[in-house]
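Read the structure below first, then the notes.
Computed from the coordinates by the stated procedures, all read-outs in this text should not be read as laboratory data. Quantities reported herein were computed from a predicted structural model and do not represent experimental measurements. Cβ: placed from backbone, ideal geometry, glycine included. Neighbour counts: every protein chain shown.
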Amino acid sequence: MNVPKLRFKDEDGKKFAEWECSTIGEKVNEKSSKFNPEKHTDNLKCIELEHLSQNTGELLGYVDASNSKSIKNKFEAGDVLFGKLRPYLRKYLKAPFAGVCSTEIWVLKGKEISNNFLFQFVQTERFITQANISSGSKMPRADWNVVSSAIAYFPSSPEQTKVANFLTAIDEKITQLTQKYDLLKQYKKGVMQQIFSHSKERSDCTETYPRGISQKLRFKDEDGREFPEWEEKSFGEIADIQRGASPRPITDKRWFSDKSNIGWVRISDVTKSSKYLNVTDQYLSSEGIEKSRYVPKGHIIMSICATIGKPIYTNLDVCIHDGFVVFKNFKANHEFFYYYLQLTEDKWYQYGQLGSQVNLNTAIVSNETIFLPCTKEQTKIAHFLTAIDDKITHAQTQLAAVKQYKQGLLQQMFV
């Protein structure tokens, strides 16, 4: 008999009945019901597949049903929605309102199980695996006939309630931490916009602003006195800017070595990291290093090809190809400059033409300007923003830990 590793007991401390073996179809009803958009669309909300977040159970948005021409499926508040197209994306939702949804979304309702329990069940490996097995390969769509015939185990109604309530409490904690994390990021962005308002306005507007415009947020020295006005400098005045280089052909295996500790930076390494680059997917051999641009740890690099303007700190020795530049021999505070680059990342796209891939070069980067405060104010700003980053990292770590905890619970509480 398959039983979960983690079980609940009743109010008297007694074990609940053993879990019942059943097909998914005996406990869950796929109740998709076609809806004609030409009738009764007033005030109806429509959920498309892109409105379902991946692996979080969050609703990202919706549209007015009257703006959608295609036939949709009806659902009621409390129904469980599951994205059957590419089920490996793990898109699910407990509907917070009644409406219509894409036909690429299953509308599920518990028969002998509650919808609260069902919402947790569709997140399990048992359900996700079965949906993927039935989905095919070209345009993966899960087949309900296959999924509904799969065997699973279900608890009695009282234990269902205990399981669902416990996991719902974990979900609420995840929601709280997510909101905290998002609010901290919004706060940081708002603060940065106020600190760098002078530089940002100059970069985003073709008009020439008069000297003496001050930032919306300024710092003072230890005696409470104002620091001097900020000065305009070009990037080339405050750092040596060097472009990377690539061994050719890049597909040649001799350029790489699993035994090396010199990372080979690709844009995918940067985009999946945050402030610091701690690891790369590939590492260069001694031959590869000779053909590339070596960057010791502790430098700021920035992407200049395709995905442009993304800055990151190297926390390990790396080599960069010609899709990156490195800033060396700084005459400014590294941290201050990093945060300016982070805030103004999107502005680099102004150098591209419509429909073309934007590529920068060292001349363009060197000629870009920044307004710099004195060294002491740079340091104060850098410390202030770093403290916010530390809080963001802490919130992110907490959130990841609770999500991992829930995944462990799902494995122990379902069979």
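Cα convex hull, the chain: 229 Å³ per residue, rounded to a whole number.
Run the numbers on segment 20-154 and let me know its relative contact order in percent, using alpha-carbon pairs under 8 Å that are six or more apart.
Numbers: 301 pairs, mean separation 43.2, N = 135.
Answer for segment 20-154 is 32 percent.
Under 5 Å between amide hydrogens, built in the peptide plane, is the criterion, and for H299 it picks out T314 among residues at least 5 positions away or on other chains. With the convex hull drawn over the C-alpha atoms of segment 20-154, the volume per residue is 97 Å³.
Helix 157-195 and the longest principal axis of the Cα set of the chain meet at an angle near 20°.
By DSSP, the beta bridges lying fully in the chain are antiparallel in about 85 percent of cases. For segment 234-242, 3J(HN,Hα) computed residue by residue from phi via the Karplus equation (6.51, -1.76, 1.60; θ = phi - 60°) reads 7, 4, x, 7, 10, 7, 7, 10, 10 Hz, glycine and proline entered as x. Looking at segment 109-153, the pairs of alpha carbons with a distance over 15 Å make up 47% of the total. Pull up all non-local amide H partners of I262: gap of 5 or more, or a different chain, and H-to-H distance under 5 Å with H placed in the peptide plane. Sorted by chain and number, the residues that satisfy this are L284. When Rg and Dmax are taken over the Cα atoms of segment 313-376, they come to 13.6, 43 Å. Lys/Arg Cβ at +1, Asp/Glu Cβ at -1, dipole of the chain taken about the Cα centre: which of Y338, A401, A164 is farthest positive-ward? With unit charges placed on the Cβ atoms, the residue in question is A164.
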